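A.B. asks: Provided herewith is a single structure, encoded as structure tokens, for subsequent inquiry.
Nothing in this text is a laboratory measurement; each read-out follows from the coordinates by a stated rule. Keep in mind it's a predicted model, so treat the numbers as computed, not measured. Every residue, glycine as well, gets a Cβ built from its backbone with ideal geometry; the counts of neighbours run over all protein chains shown.
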Amino acid sequence: MLCQAWNWTQPNGTPKDMVCRGMMLALARAGRIELPPARRVHVNPPARRRPAGPMALDAKAVRGRLSDFQPIEFRQVRRTQQEAMFNGLIQQYHYLGYTQPVGEHLKYMVYSGGRLLACLAWSSAARHLCPRDRFIGWSPEARRRNIRFIAYNPRFLILPWVGVPHLASHILGRMARILPVDWERLYGHPVVFLETFVDPTRYRGTCYRAANWVLLGRTTGRGKDDQTCKPNRPIKEMLGYPLSRQFRRLLCG
């Protein structure tokens, strides 16, 4: 009712239900308002979600030229029956494992002739990242207003038995055309910039560079909740990919 009264909605028209609930709880805890007693306790599905288990797949080696595997099919699997399989594969084969994306997010599985080749996740971007913010050149106000126009790639997995030269960069190039369309259709607003992190102690980010992603700089290794001003996690390289030549005007306007 409060969302309706304030016209407090997401770009796709859905009420900002959880944000509104959080605001009211914060006001109640601060003694600013008094809420009626809870009529029922809602279960938090993510908190009770079981860890993804191992996936049984045909692990026969996939080798050959990229042209041998065309056409390549992209399936958006969030909120489908294949989502559990996606989560399990990331947990089993990605060195970072699986964590539930925060905010707006999409998940893709990449196939060729019915054979699964890769998995990618995309989610809302982090609020503050110095290399990215300097590269875009936006003010704090513009960042708060336009951060939703950036999509973050937290996971990219080529299955370990797949060895096809140039496949990873080809997938990234295709994703740059597919993702904005799906994102706007589902969330009601476009994305104009993509970003990701690469751990230089493990990888060089070759597939991103081959797909024309730009090195923006390095993180400080302190994380968003740092209170010591000292690195407490791996320092990573940050790469970005503008989806429009006018990305700075769109993000700063």
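A.B. asks: Kindly state, to the nearest 0.05, the FRET efficiency for Arg75 paired with Arg127, given R0 = 30 Å and r defined as their beta-carbon distance.
C.D. replies: Details: r = 30 Å, r/R0 = 1.01.
So, using R0 = 30 Å, E works out to roughly 0.50.
A.B. asks: Moving on to the next point. Just to verify a number: FRET efficiency for Asp199 and Leu2, C-beta to C-beta distance, R0 = 35 Å, to 0.05?
C.D. replies: Details: r = 43 Å, r/R0 = 1.23.
Taking R0 as 35 Å, the efficiency between Asp199 and Leu2 is 0.20.
A.B. asks: Now a separate question. Mind checking the angle between helix 167-187 and the chain's longest principal axis? C-alpha axes, 0 to 90 degrees, to the nearest 10.
C.D. replies: It works out to around 30 degrees.
A.B. asks: Can you tell me the orientation of helix 17-29 relative to the chain, as the angle in degrees between its alpha-carbon axis and the longest Cα principal axis, to the nearest 10?
C.D. replies: Between the helix axis and the principal axis of the chain, the angle is about 40 degrees.
A.B. asks: Let me confirm the definition first: pairs of Lys residues in the chain, 8 or more apart or on different chains, C-alpha distance under 30 Å. How many are there? Walk me through the numbers on the way to the answer.
C.D. replies: Values: Lys16/Lys107; Lys16/Lys224; Lys60/Lys107; Lys107/Lys224; Lys107/Lys236; Lys224/Lys236.
Eligible lysine pairs with Cα atoms under 30 Å apart amount to 6.
A.B. asks: Take every Cα-Cα distance within the range 111-218, group them into 5 Å bins from 0 onward, and report for each bin the whole-number percent of pairs it holds.
C.D. replies: With 5 Å bins starting at 0, P(r) equals 2, 10, 20, 22, 20, 14, 7, 3, 1, 0.
A.B. asks: So, with +1 on the Cβ of K and R and -1 on the Cβ of D and E, and no other charges, what is the size of the charge dipole of the range 1-42 about its Cα centre, to the nearest 20 debye?
C.D. replies: Working: 6 positive and 2 negative charges, 26 e Å.
Taking the Cα centre of the range 1-42 as origin, the dipole is about 120 debye.
A.B. asks: Sum -39500 (n - 2.57) across every DSSP H segment of at least 4 residues in the chain, then divide by the residue count to get the 222 nm mean residue ellipticity, nearest 500. The partial results should precede the final answer.
C.D. replies: Values: 9 runs with 79 residues, N = 253.
Calculated at 222 nm, the ellipticity per residue is -8500 deg cm²/dmol.
A.B. asks: Between Leu25 and Ile235, what length in nm is gained on full extension when 0.36 nm per residue of separation is reduced by their alpha carbon distance? Please report the intermediate quantities before stating the final value.
C.D. replies: Working: separation 210, 0.36 × 210 = 75.60 nm, distance 3.60 nm.
Result for the pair: 72.0 nm of gain on full extension.
A.B. asks: How high is the FRET efficiency from Ala59 to Arg209, r the C-beta distance, R0 30 Å, rounded to 0.05?
C.D. replies: On the way: r = 29 Å, r/R0 = 0.96.
My answer for the efficiency is 0.55.
A.B. asks: Taking a quarter of the surface of the convex hull around the Cα atoms of the range 1-42, what do you get in nm²? Present the calculation step by step, with values, prior to reporting the outcome.
C.D. replies: Numbers: hull surface 14.4 nm².
With the hull built on Cα positions only, its mean projection is 3.6 nm².
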